[in-house]
């Protein structure tokens, strides 16, 4: 769900966050409108608002693990984890994590990729929040959910700064609710209707 | 039916013109005790660096009172770091900070130690080196009210960037920073989880200096003193928690 439709209607922080995000056309390839959160990170107030909104939502939910997807999930996840007293667990590209890992493959437009998590980082029954900067098709987040569920954890929600419902009206991914602060901006986009 | 085909970052998303929203639904999680993640560790042998460039040395020479002393915090942080032998290749003892992140008290202590040091130093930029610098840098930046600037591997940052090449054991690598992220007159901190030879940190320092920033200090959780990274930083001070 969007934050604005879920308790934060009219909250000026949402607009400040959206305005701080930069759209970079044709990156990484022509036709793609890249939602660049680095400009949000250059605005300490807007970055603080982002973390505060998530912390306010999750602090009383008994979440014991925040899992962040490499690499931009590493920027938003740890401040949330620290504020709510949860562990932070990095979900990484292959061969980055030392020691024993579990892997989950997922499909890209062309080919596949893989996400890994440390064995033992998460215990059965733990409740988990997954954090990433953006959700598009949900492929990466689905893989993250599967990894955590394979470890016996319960994924309470996926939280992203930017995103859209996966399909009309659908704010669940593998049954897990999705919480998003702002929509992607489509500056200078030519729409095909 | 109207539909809009848009491309978001690396994925294609088809957006329909009508959306409906269902409210979130929290399942109250079953609270189970969570055993701690096994941590195998060696205590990292203490070198004797110059005074006040490790938190332990600063604690020893400081007059700060208080039961949660710097020593206690450093001790907990040190114990929380896991050493993995022969990763990424035989003969290397990898210092794994992921176990530190699984100990919320130790992780908070880590950030607090850096924040206490830097909060009154007028730092306007915290630059974090991909990817583990992204874990420690942002909480520090948020606490001291500074911008966070990611220093990334090539081709990750969208838009105009400046690059700095640096040597590896075999070959070279590059890190990049956005044009315009940092200005002349910015006072910067460079953060990474660990300093080994200092190659990456030097490249980060160079990037910041090229745009006219002043690098006040480099800060890492861990130093491997035998690799002499500290010397490679030249006149730039280095502060570490565990050495």
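Here, each number is a calculation from the coordinates, and none is a lab measurement. Since we're looking at a predicted model, the values are computed, not measured. All Cβ positions, even for glycine, are placed from backbone atoms using ideal geometry, and neighbour counts span all protein chains on display.
Which percentage, to the nearest 5, of the DSSP beta bridges contained in chain A is antiparallel?
In chain A, DSSP labels about 40 percent of beta bridges as antiparallel.
When the square roots of the Cα gyration tensor eigenvalues are ordered a ≥ b ≥ c, the ratio a/c for chain A is 1.5 or more and a/b does not exceed b/c, which makes its shape oblate. Legend: mean number of C-beta atoms from other chains within 10 angstrom of residue C-beta atoms, peptide A:131-139, equals 3. When both segment B:71-93 and segment A:53-75 are represented by their alpha-carbon centers, they are found 25 Å apart. Ordering A:26, A:118 by the number of other Cβ atoms within 10 Å of each residue's own Cβ, fewest first, gives A:26, A:118. Among A:79, A:12, A:165, the largest mean-square fluctuation in a Gaussian network model of chain A (Cα springs under 10 Å) belongs to A:12.
I need the shape label for segment A:1-90. Rule: rounded when a/c is under 1.5, else prolate if a/b > b/c, else oblate, with a, b, c from the alpha carbon gyration tensor. Taking the square roots of the gyration eigenvalues as a ≥ b ≥ c, segment A:1-90 is oblate. Only helices enter this figure: runs of n ≥ 4 DSSP H residues, each worth -39500 (n - 2.57), summed and divided by the residues of chain A, yield -8000 deg cm²/dmol at 222 nm to the nearest 500.
Exposure proxy for B:222, B:140: other Cβ atoms within 10 Å of each Cβ, ordered fewest to most, give B:222, B:140.
The overall shape of segment B:98-184 is oblate: from the C-alpha gyration tensor, with semi-axes ordered a ≥ b ≥ c, the ratio a/c is 1.5 or greater and a/b is no larger than b/c. Taken residue by residue and averaged, Cβ atoms of other chains lying within 10 Å of the Cβ of B:93-101 number 4. Of A:176, A:65, A:128, the residue with the greatest mean-square motion in the GNM of chain A, using alpha carbon springs below 10 Å, is A:176.
Taking every C-alpha pair closer than 8 Å and separated by at least 6 residues, the mean separation divided by the residue count of segment A:27-100 gives a relative contact order of 25 percent.
Sorted fewest first by neighbouring Cβ atoms within 10 angstrom, B:195, A:53, B:162 come out as B:162, A:53, B:195. Per-residue shielding of A:37-43, expressed as the average number of other chain Cβ atoms within 10 Å of the residue Cβ, stands at 6.
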